[in-house]
Amino acid sequence: MPNRTRSHARRAMVLCCILVSPIFILMTGCGQNGREAAPLETQALETTPVEKTTEAALEIPLATHLDDSLRINQIQVVATHNSYHAMPPLDLLELVKLVYPDAETWEYDHPPLDVQLNRGIRSFELDLHHTDKGYEVFHVQDFDAETTCPDFVCCLRVIRQWSQAHPEHVPIITLIELKKEDVPQATTQTYPFEAEDLDALDDLLLSVFSLDELITPDDVRGDYPTLAEAVRAGNWPTLAEARGKCMFVLHTGGVHAENYTRNAPSCEGRPMFMEGAGGQPYDAVFVENNPMRPELTERVKEGFIVRTRADANLREGRAGDTARREAAFESGAHIISTDFPRGGAHPETGYVVELPGDVAARPNPVTAP
């Protein structure tokens with residue numbers, strides 16, 4: 001069971017205070033019963049400390065004899081959606097559902113990031129909120145704020161520590177979503193991400209990772225006029241060049257894209273990629289959450305890296321519906337995101353998203369030679 005970085009007692013007190021008016025009659029208490037204890041893990045893969053565990057078997061299909069023949073846009077990996085997410089305590093979650101029906105989609109747990117990496121996950125999604133404490137990582141302030149790593153730097157350090165202990169891993173790609181939501185009745189104040197915040201995020205990233213530990217836009221662009229031209233020309237690094245490295249993508253757009261690419265239209269000098277928008281010089285990585293859309297495979301064939309989702313809002317997991325999952329794998333999307341990764345199957349339907357053969361990566365079914 002993931003360690004909680006926020007106090008259940010404090011959360012209970014806050015929620016009792018802010019929800020008491022609309023549902024006073026229905027409230028019978030806000031005690032800290034939390035959730036039932038998770039069962040003990042049964043696989044050594046999931047329990048051995050990260051620094052002592054090298055899961056080489058997860059890399060077998062992408063062994064070194066493929067290092068010079070496959071580029072990083074010619075592989076496929078599994079990701080977790082809201083990778084930091086820990087489910088709120090059950091008593092509080094039931095309380096919140098009375099005011100926010102969407103809270104029923106928060107009923108999923110992810111283990112810490114290093115445990116996910118041990119299980120073969122090679123891509124993450126982190127939600128960043130600008131608060132009085134800095135750049136915190138959580139889903140919804142106050143109401144769904146349980147997390148396995150409390151802030152941006154903490155998450156980065158976990159990823160880097162695992163990466164350093166497993167230098168032959170295929171690239172770990174992390175999407176950074178910048179969030180600013182006005183949540184009724186929430187007491188935690190959040191602020192918009194301004195241009196200086198984007199610079200600060202770059203600085204924080206480079207305070208944890210050195211440039212030679214990253215795949216950056218400049219690495220891909222090379223001598224091409226724009227990043228998008230380099231991508232269409234297939235100038236992604238080979239596996240030999242990319243093993244042991246990490247890559248970060250700002251999963252946002254609009255004014256954030258304008259600010260991040262101002263005076264750097266192809267993200268020149270920046271450590272992170274910007275999510276593609278189409279027709280932009282910085283286009284390299286696209287997020288297309290619906291794997292059924294034909295545009296997804298078109299992007300893949302053009303050379304771009306694409307992330308999609310095998311399931312959403314827990315629907316597929318609860319129904320045991322695998323159609324979207326299979327469409328995601330067949331689409332050629334490079335990153336297949338899920339709330340039900342290896343080791344986290346739905347307890348009733350058994351729905352899970354994992355590559356065949358218990359591997360961390362495989363040659364892409366559309367782009368691999």
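The values are calculated or read from the model by the stated rules, or taken from the named source; none is laboratory data. What you are looking at is a predicted structure, and each value in this text was computed from that prediction instead of being measured. Because the Cβ atoms are built from the backbone with ideal geometry, glycine has one as well, and the counts that use them run over all protein chains shown. For the accessible areas, the whole protein counts, side chains as well, though only heavy atoms, and no ligand, DNA or RNA atoms are used. Shrake-Rupley method; radii C 1.70, N 1.55, O 1.52, S 1.80 Å.
When the stretch 256-272 is filtered for residues that are free of Cβ contacts under 8 Å to residues at least 60 places away in the same chain and in contact with a Phe, Trp or Tyr (Cβ under 7 Å, 6 or more places away or on another chain), the ones remaining, listed by number, are Thr261, Pro265, Ser266, Cys267.
For the stretch 80-99, the candidate set comprises residues that are under 24 Å from the mean Cα position of the chain (by Cα) and part of a loop (DSSP other than H, G, I, E, B); within that set, the residue that is nearest to Asp151 (Cα to Cα) is Tyr84. How about the stretch 94-136: which of its residues are farther than 30 Å from Glu330 by Cβ, free of Cβ contacts under 8 Å to residues at least 40 places away in the same chain and surrounded by 20 or more Cβ atoms within 10 Å (Cβ to Cβ)? Correct list: Glu136 only. In the stretch 330-351, the residue that is nearest to Gly234 (Cα to Cα) out of those that are surrounded by 19 or more Cβ atoms within 10 Å (Cβ to Cβ) and either β-branched (Val, Ile, Thr) or free of Cβ contacts under 8 Å to residues at least 40 places away in the same chain (or both) is Ile335. If you filter the stretch 178-192 down to residues that are closer than 14 Å to Val137 by Cα and touching a residue at least 60 places away in the same chain (Cβ under 8 Å), you find that the one that is most open to solvent (accessible area, probe 1.4 Å) is Tyr191. With the requirement that a residue be surrounded by fewer than 15 Cβ atoms within 10 Å (Cβ to Cβ) and in contact with a Leu (Cβ under 8 Å, 6 or more places away or on another chain), what does the stretch 205-225 give you? Of everything in the stretch 205-225, nothing turns out to be surrounded by fewer than 15 Cβ atoms within 10 Å (Cβ to Cβ) and in contact with a Leu (Cβ under 8 Å, 6 or more places away or on another chain). For the stretch 242-279, filtered to residues that are surrounded by 16 or more Cβ atoms within 10 Å (Cβ to Cβ) and among the acidic types (Asp, Glu), the residue that is farthest from the chain's Cα centre (by Cα) is Glu268. Which of the residues spanning the stretch 211-257 are closer than 17 Å to Arg299 by Cα and among the charged types (D, E, K, R)? If the condition is that a residue be closer than 17 Å to Arg299 by Cα and among the charged types (D, E, K, R), then Glu229, Arg232 are the ones that fit.
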